[in-house]
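Data block below; observations after.
The values are calculated or read from the model by the stated rules, or taken from the named source; none is laboratory data. Since the structure is predicted, the reported quantities are computational estimates derived from the model, not experimental observations. Note: ideal-geometry Cβ built from the backbone for every residue, glycine included; neighbour counts use all protein chains shown.
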Amino acid sequence: MFEAIFENMLKSKPIVHCITNFVTVNDCANIILAGGGSPTMAHHKDEVREITENSQSLVLNMGNVHDVTAMILAGKKSNEVKHPIVIDPVGMGASKLRNEVFKELSQNMNFSVIRGNISEIKAVANGEGITKGVDASEADKVTEHNLKETVKAAKRLSMEFKSVIVISGAIDIVADKDKAYVIRNGNPIMAKVTGTGCMSTALIGAFCGGNPDNTLEAAAAAVTAMGVSGEIAFKKMKKFEGGTMMFRMFLIDTISNMTPEIINGEMNVEEM
Amino acid sequence: MFEAIFENMLKSKPIVHCITNFVTVNDCANIILAGGGSPTMAHHKDEVREITENSQSLVLNMGNVHDVTAMILAGKKSNEVKHPIVIDPVGMGASKLRNEVFKELSQNMNFSVIRGNISEIKAVANGEGITKGVDASEADKVTEHNLKETVKAAKRLSMEFKSVIVISGAIDIVADKDKAYVIRNGNPIMAKVTGTGCMSTALIGAFCGGNPDNTLEAAAAAVTAMGVSGEIAFKKMKKFEGGTMMFRMFLIDTISNMTPEIINGEMNVEEM
Amino acid sequence: MFEAIFENMLKSKPIVHCITNFVTVNDCANIILAGGGSPTMAHHKDEVREITENSQSLVLNMGNVHDVTAMILAGKKSNEVKHPIVIDPVGMGASKLRNEVFKELSQNMNFSVIRGNISEIKAVANGEGITKGVDASEADKVTEHNLKETVKAAKRLSMEFKSVIVISGAIDIVADKDKAYVIRNGNPIMAKVTGTGCMSTALIGAFCGGNPDNTLEAAAAAVTAMGVSGEIAFKKMKKFEGGTMMFRMFLIDTISNMTPEIINGEMNVEEM
């Protein structure tokens, strides 16, 4: 399904400029490398414009709320040179500060992709929120029952922000205003490892860097790759009687060995 | 022994707010998740009060001496809403700055638990110290020979700070003013992995978040879980002919698969 | 070949003070521990002089361009007390800021060792550069064809900076003004893991800390250890059908189990 998307990324080896948080930055760099891109984590305001200009995409992760000035400088430059920007509104709704940071960022640049869990995306939609911590709240979760209306809301939000919207969870949704991919891959253990959301965002950044004119499919391909890798990694972990850290290792390992054939064999993607 | 402690934690899934250092922050987040809690690593002074208020415990790690203002704001709020605070005086005694930071923190909040290696705890006791680097000095080490007097000193220090005192090493001591747990689990290889101390502190934070009214047993259960996991992880590492990084993987993996039964089968805990 | 170098390091257990970037800091700390040293990652300007004074070597990594003041304070103190300084000019040539930071550092201290990829070292030599991102550019790469002239250039650069020059790549070069070691170990997968360069720098810091009077051989031994470990780790990874993260684990694991005998059995080192 996503063969051309994969091929474009592997051929272009995109440099992905990330301004991200210090908790999961190493995993983000490694998953970009595993996926075939080249990460650069520069976040000093005096160099981010240059760095962004020489990259192919920009990833902004709000787990870092200290480098907002650098994010704005990089974002404006990215828009100017027409590089995709992927934003991860980590903890959106969990504090006033995060809501303000998101507002400020969104007033200063256009995002190509917004990726979060359902609680964060709801907070993005409402301009406020009631998230506690950084995990999605139980009440918000996307289920088969509320799927159709959530897809509809994602499409509406996509129109509002002129961005692809990615909602991560047991069921993933990747939507622009007209079309949505509903992806039923992955494993619940992904919620027991810090940074699987950030890694997903980083990988979307790499795929968009290699496919700047097709960010919807690029994001869907990255999310699908993460989900399929999650399933394969879980099986390998069970084989070796490991736990959450062995799972993380195999998650990134599987991305580093991923091919379109593996994806096609395992993916469960529905268009809506 | 600690069945109720475990059960409380797993039921409450405590959000653990950590203001910690950038060296080991990822391991700390992952061990909290592995243990059944939910980590949030917010350290911006403009949001830490909100984040702390919506959490169940606060972990302050002095490997970070940049965010002292945020630590004080979070600590005061935590005391106000009666959440346990666990402090790790990393490198205490290694510089004047660390000694001053600890003094400033201790003047602005009450700690529920203070966890360090013996050199750090001695520096806490004396208000100064001669630590070099971040590892315990050879001369300070707790042995069967000086155990009784060290336990007595820990109880005295607990009275002084109104905090549970945790001294990590080949023999671990967890003490309040009346009672001490002496824990003889673990493996020397733990000293060859960065952050096993920080991880222990983070896990204590999770256990205290689920057991705010029994921080002595919560801390003892967390330290015991770490020690038992260290033993199991070492055996697994040997089986696969690995080294220090495979050990770290299995250390957190074992926490992610831990049950009271496993603890009970392996633990070596003495009350004094 | 490097038996005495290894022995000195293992005996002295050097404390290695690193001021480094937040992307790979954890791997750097762990590889120093694996190699037999003791890492301390202090980077607050108010304590770096004390920390450096109580250490045996200093590692400065320009992936961090925020703590330049702390780097200068630590560097001056290190020169004063005659500790080796190892600098990694990460991303040199990728932004004006990095070029300025390097210039400022080099005007304020003498480096014992400068380690980078060929693009970074070329930028060091020219005072400017055209690096994109943090990886070496294809056009710059050291091959058997341009090896002799590159070694000559490294020796010239060593004379100019009064530093050992380390150029990392498929072929590694470690040179002072008179002599060069050409090391043909390692595996291409090392470029698919973030921080293998930073780790190499950190390990050089540990070896130099234990061998302050022989930084040329210390650097060569560390680079050889990394290369040999890369080969062994790759074979283990293949055996377990892993990917880039399993490779990283085995890379550091192999350092943690390294002996002069293993090095001698696998190394491919030529003097030029």
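Scan region C:26-35 and give yes if some residue there is under 18 Å from the mean Cα position of the chain (by Cα), over 22 Å from C:Ala219 (Cβ atoms) and free of Cβ contacts under 8 Å to residues at least 24 places away in the same chain, otherwise no. Let's see the steps before the verdict.
The first filter runs over region C:26-35 and keeps only residues under 18 Å from the mean Cα position of the chain (by Cα), leaving C:26-35.
This time we only want the ones that are over 22 Å from C:Ala219 (Cβ atoms), so: C:26.
Then drop every residue that is not free of Cβ contacts under 8 Å to residues at least 24 places away in the same chain, which leaves C:26.
Yes: region C:26-35 contains one or more residues that are under 18 Å from the mean Cα position of the chain (by Cα), over 22 Å from C:Ala219 (Cβ atoms) and free of Cβ contacts under 8 Å to residues at least 24 places away in the same chain.
From B:Ala170, B:Ala218, grab the single residue that is in a helix (DSSP H, G or I) and either at pLDDT 95 or above or among the hydrophobic types (A, V, I, L, M, F, W, C) (or both). Explain how you work it out, then say what you get.
Working: B:Ala170 fails: in a helix (DSSP H, G or I).
From the options B:Ala170, B:Ala218, the qualifying one is B:Ala218.
Being part of a loop (DSSP other than H, G, I, E, B) and closer than 19 Å to C:Gly36 by Cβ: is that true of C:Met258 here?
Numbers: part of a loop (DSSP other than H, G, I, E, B): yes; closer than 19 Å to C:Gly36 by Cβ: yes.
Spelling it out, C:Met258 is indeed part of a loop (DSSP other than H, G, I, E, B) and closer than 19 Å to C:Gly36 by Cβ.
When you scan region A:243-254, do you find a residue that is closer than 19 Å to A:Ala170 by Cα, out of contact with any Ser or Thr (no Cβ under 6 Å at 6 or more places or on another chain) and more than 10 Å from chain C (Cβ to nearest Cβ), even just one?
Taking every residue of region A:243-254 in turn, at least one turns out to be closer than 19 Å to A:Ala170 by Cα, out of contact with any Ser or Thr (no Cβ under 6 Å at 6 or more places or on another chain) and more than 10 Å from chain C (Cβ to nearest Cβ).
Which of the residues spanning region C:7-32 are crowded, with 24+ Cβ neighbours inside 10 Å and within 15 Å of C:Met258 (Cα to Cα)?
C:Met9, C:Asn30, C:Ile31, C:Ile32
Specify the residue that is farthest from the other protein chains (Cβ to nearest Cβ); the eligible residues are those in region C:70-82 that are buried (at least 24 other Cβ atoms within 10 Å of the Cβ) and more than 17 Å from the chain's Cα centre (by Cα).
Taking region C:70-82 first, the residues buried (at least 24 other Cβ atoms within 10 Å of the Cβ) are C:71, C:74-75, C:78.
Going one step further and asking which of them are more than 17 Å from the chain's Cα centre (by Cα), we end up with C:74, C:78.
On the way: C:Ala74: 12, C:Ser78: 15 Å.
For region C:70-82, the residue satisfying everything is C:Ser78.
Quick check on my filter: what residues within region B:59-72 are outside any helix (DSSP H, G or I), farther than 17 Å from B:Ala219 by Cα and of a type in the set (A, V, I, L, M)? I'd like the intermediate steps shown before the answer.
So the first thing to find is which residues in region B:59-72 are outside any helix (DSSP H, G or I), and the list is B:59-67.
Next, from what is left, pick out any that are farther than 17 Å from B:Ala219 by Cα: B:62-67.
If the condition is that a residue be outside any helix (DSSP H, G or I), farther than 17 Å from B:Ala219 by Cα and of a type in the set (A, V, I, L, M), then B:Met62, B:Val65 are the ones that fit.
Out of all the residues in region B:90-110, which are in a helix (DSSP H, G or I), within 14 Å of chain C (Cβ to nearest Cβ) and of a type in the set (A, V, I, L, M)?
Here is the first cut: in region B:90-110, the residues in a helix (DSSP H, G or I) are B:96-108.
Now drop any that are not within 14 Å of chain C (Cβ to nearest Cβ), which leaves B:96-102, B:104.
Within region B:90-110, B:Leu97, B:Val101 meet the criteria.
So, A:Ala175, is that one touching a strand residue (DSSP E or B) at 6+ places or on another chain (Cβ under 9 Å) and either at pLDDT 95 or above or aliphatic (A, V, I, L, M) (or both) or not? Please lay out each step first, then the result.
Numbers: touching a strand residue (DSSP E or B) at 6+ places or on another chain (Cβ under 9 Å): yes; either at pLDDT 95 or above or aliphatic (A, V, I, L, M) (or both): yes.
Yes, satisfied.
Among the numbered conditions (1) more than 14 Å from chain C (Cβ to nearest Cβ); (2) surrounded by fewer than 24 Cβ atoms within 10 Å (Cβ to Cβ); (3) of a type in the set (Asp, Glu), tell me where A:Asp67 comes up short.
It fails just one condition, (1).
So if I check each of C:Asn99, C:Asn117, C:Asn110, C:Asn79, which one is of a type in the set (S, T, N, Q) and closer than 18 Å to C:Leu203 by Cβ? Steps first, please.
Numbers: C:Asn99 fails: closer than 18 Å to C:Leu203 by Cβ; C:Asn110 fails: closer than 18 Å to C:Leu203 by Cβ; C:Asn79 fails: closer than 18 Å to C:Leu203 by Cβ.
Just one listed residue meets the conditions, C:Asn117.
Each row is one residue, and each column tells you yes or no for (1) among the basic types (Lys, Arg); (2) farther than 15 Å from A:Ile31 by Cα; (3) away from chain C (no Cβ under 12 Å); (4) in contact (Cβ under 8 Å) with a residue 12 or more places away in the chain.
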{"residue": "A:Ala180", "(1), (2), (3), (4)": "no, yes, yes, yes"}
{"residue": "A:Ala191", "(1), (2), (3), (4)": "no, yes, yes, yes"}
{"residue": "A:Thr194", "(1), (2), (3), (4)": "no, no, yes, yes"}
{"residue": "A:Thr215", "(1), (2), (3), (4)": "no, yes, yes, yes"}
{"residue": "A:Ala222", "(1), (2), (3), (4)": "no, no, yes, yes"}
{"residue": "A:Phe234", "(1), (2), (3), (4)": "no, yes, yes, yes"}
{"residue": "A:Phe240", "(1), (2), (3), (4)": "no, yes, no, no"}
{"residue": "A:Asn257", "(1), (2), (3), (4)": "no, no, no, no"}
{"residue": "A:Glu271", "(1), (2), (3), (4)": "no, yes, yes, yes"}
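Among C:Cys208, C:Cys198, which is more than 14 Å from chain A (Cβ to nearest Cβ) and under 25 Å from C:Val113 (Cα atoms)?
Exactly one of C:Cys208, C:Cys198 is more than 14 Å from chain A (Cβ to nearest Cβ) and under 25 Å from C:Val113 (Cα atoms), namely C:Cys208.
Are any residues in region A:157-174 of a type in the set (A, V, I, L, M) and either surrounded by fewer than 24 Cβ atoms within 10 Å (Cβ to Cβ) or touching a residue at least 40 places away in the same chain (Cβ under 8 Å) (or both), and if so, which ones?
Narrowing region A:157-174 to residues of a type in the set (A, V, I, L, M): A:157, A:159, A:164-167, A:170-171, A:173-174.
Within region A:157-174, A:Leu157, A:Met159, A:Val164, A:Ile165, A:Val166, A:Ile167, A:Ala170, A:Ile171, A:Val174 qualify.
Got a sec? Which of C:Ala153, C:Ala191, C:Ala136 is in a loop (DSSP other than H, G, I, E, B) and crowded, with 17+ Cβ neighbours inside 10 Å?
Numbers: C:Ala153 fails: in a loop (DSSP other than H, G, I, E, B); C:Ala191 fails: in a loop (DSSP other than H, G, I, E, B).
Exactly one residue qualifies, and that residue is C:Ala136.
Taking the criterion of being of a type in the set (Val, Ile, Thr), over 22 Å from B:Met190 (Cα atoms) and assigned to a helix (DSSP H, G or I), would at least one residue in region C:73-89 satisfy it?
From region C:73-89, those of a type in the set (Val, Ile, Thr) are C:81, C:85-87; that's our starting set.
If we keep only those that are over 22 Å from B:Met190 (Cα atoms) too, we end up with C:81, C:85-87.
Imposing the further condition that a residue be assigned to a helix (DSSP H, G or I) reduces the set to none.
Scanning region C:73-89 turns up no residue that is of a type in the set (Val, Ile, Thr), over 22 Å from B:Met190 (Cα atoms) and assigned to a helix (DSSP H, G or I).
Which condition number in (1) surrounded by fewer than 22 Cβ atoms within 10 Å (Cβ to Cβ); (2) more than 22 Å from A:Gly63 (Cβ to Cβ) is the one that B:Ile85 fails?
(1)
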